[in-house]
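Only one structure is covered here, and it is reproduced in the block below.
The values are calculated or read from the model by the stated rules, or taken from the named source; none is laboratory data. Here the structure is a predicted model, which means the values were calculated and not measured. All Cβ positions, glycine included, derive from the backbone under ideal geometry; neighbour counts span all protein chains shown.
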Amino acid sequence: MDYARAVMYMQSLKRFGIKLGNERFEALLERLGNPHHQLRVIHVAGTNGKGSTSAFIATILQAAGYKVGLYLSPYVFNLRERIQVNGYMIPEADFARLVTWIKPHIEDLAQTSLGQVTEFELKTAVGFSCFAEQRVDFAVVEVGLGGRLDATNVVRPLVSVITSIGWDHMDRLGDTLGKIAAEKAGIIKPYAPVVTGVTEQEPLEVIREHAHRAGVPLTEVKPERMVIPPPVRTVHWQDEGVHRMRQRVSVRTTDGVYRHLSLRLLGKHQCSNAAVAIAAVEALQHAHRVEIPESAIRAGLEYTTLPGRMQIVRRSPTLLLDGAHNVDAARCLAQAITDTFHYRRLILVLGMTKGHDPQGVVDTLAPLASHIIFTQPKERARPAVDLPEASTVALPPYEIIPSVPEAVEYAMNMAQAEDLVCVTGSFYVVGEVPLEKWQPRRITNPEEGMSYAASGENAGNGTP
């Protein structure tokens, strides 16, 4: 298969849906030579922040001189964003070759009682196989959904990370924060120290109990002002605001203090993610004698960027992309907009997918907006007409434009130089924004066949 056919084959597996549980996936990996057993993994779960935290950890390790694989979920603009080595996406030729190699094994398994391999399982198998072939020093692996039954949970991590617990995917993970935490805490293994940025008492107690049962040390990451009962190993962070479009934070650990760290990823929530990343690499240092100097931590945090996370595509008017898809993420976005930007009007382009509660997202963001354009992505769409009906707050003037590109164009034509246009509600929505139209700039590496979208000030996982 060439790359286009490989992508078509992978996408054809979507019809089999999401199947939690790993017996089938482990059987597939066994046929592939168990590539995941060749990897030294940092495993990252959480409701929000796991993508940013994974990217922080990967870029820190790269800045320290290691070869690093990064597996992200989901992608935003390009399927190959999911699988990266040292900040570059897997080449199209390698992607096609690996899918072609794995396909016969998938077809053979489909004839057994284990059944059909899913799209996510194939993506994950390609990622593990790529990292094993590349002989990466470390693989930073982001969980897809939940943790306990996620396909990525076949790995044997060096460190396990749980960034946050919030209300999302309740139909699959549970209807209380404690139940959701128990699913995320399923990634905790008896031999790997645990780091968490969770601060809410109910889910935190669940994580503490899982770590205790596994017999592994737990590091809790908290804002400086928080009181910590009972005494535990802690990392504290203190937000220092935004300076010249860089988020600033200081982090205090048992190893010392990292003062005035600079982050390209904007928003106060990124202070917590950065502190969790620091705690994770320090846990890696302590447990496995990995050398990571402070200079690598500073450079890694400063150079980490990701598409669809407070991504500024252009200025005058400002076009901002953020994949906030649940109420907690919407609150972080609202605070980040308030803290970071000076604008005359906020024009919101908002679309969501099925499976996420629209009320909290719309109610959180609508009060900030002067105008809203409700839209919907092509995949897993929640109809745009449902969004204003879900709101319980007074809405500003709004339109319904189902096509994301047309909704963004309408918003940009409406906007004046001092206005802010924010596209949000889902990574699927953000991924349909025609970047070339608004900021035709890309970073490429033709020699290796790798490219990464780098439109705007916050896009692409840059290298120091």
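A few comments on the model shown:
- For region 210-224, a residue qualifies if it is in contact with a Pro (Cβ under 9 Å, 6 or more places away or on another chain) and either under 17 Å from T163 (Cβ atoms) or small (G, A, S) (or both), and the qualifying residues are A211, A214, G215, L218, T219.
- Test: residue in region 55-70 that is in contact with a Lys or Arg (Cβ under 8 Å, 6 or more places away or on another chain), at pLDDT 95 or above and not acidic (D, E): yes
Yes/no per residue for (1) assigned to a helix (DSSP H, G or I); (2) surrounded by fewer than 23 Cβ atoms within 10 Å (Cβ to Cβ); (3) polar (S, T, N, Q):
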| site | (1), (2), (3) |
| --- | --- |
| V249 | no, no, no |
| H260 | no, yes, no |
| A275 | yes, no, no |
| A280 | yes, no, no |
| H286 | yes, yes, no |
| I292 | no, yes, no |
| A296 | yes, yes, no |
| E302 | yes, yes, no |
| L306 | no, no, no |
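- Exclusive hit being within 11 Å of the chain's Cα centre (by Cα) and under 24 Å from G300 (Cβ atoms), set N86, N48, N78: N48
- Residue ID - modelled with the highest pLDDT, chosen from residues in region 403-452 that are more than 22 Å from R345 (Cα to Cα) and in a strand (DSSP E or B): R442
- Matching residues, region 180-208, being assigned to a loop (DSSP other than H, G, I, E, B) and either among the acidic types (D, E) or at positive phi (or both): E200
- Options T340, T318: the member that is of a type in the set (S, T, Y), touching a strand residue (DSSP E or B) at 6+ places or on another chain (Cβ under 7 Å) and under 30 Å from I278 (Cα atoms): T340
- Apart from one condition, A181 fits all of (1) under 26 Å from C332 (Cβ atoms); (2) touching a strand residue (DSSP E or B) at 6+ places or on another chain (Cβ under 6 Å); (3) small (G, A, S); the exception is (2).
- Segments classed as helices (runs of 4 or more DSSP H), wholly inside region 1-113, with at least 2 members that are of a type in the set (D, E, K, R): 23-31, 92-110
- Residues in region 327-380 that are over 23 Å from P397 (Cβ atoms), charged (D, E, K, R) and part of a loop (DSSP other than H, G, I, E, B): K354, D357, K378, E379, R380.
- In this structure, A211 does not satisfy being outside any helix (DSSP H, G or I) and modelled with pLDDT of 95 or more.
- Checklist (1) at pLDDT below 95; (2) more than 20 Å from the chain's Cα centre (by Cα) applied to L284, failing item: (1)
- Residue-level analysis places L368 outside the set of residues that are outside the structural domain of D175 (by TED's automatic domain parsing) and buried (at least 18 other Cβ atoms within 10 Å of the Cβ).
- Any hit, region 127-147, residues being of a type in the set (A, V, I, L, M, F, W, C), buried (at least 18 other Cβ atoms within 10 Å of the Cβ), in a helix (DSSP H, G or I) and without any contact (Cβ under 8 Å) to a residue 40 or more places away in the chain: no
- Region 345-361, residues that are among the aliphatic types (A, V, I, L, M) and in contact with a strand residue (DSSP E or B) (Cβ under 7 Å, 6 or more places away or on another chain): L346, I347, L348, V349, L350
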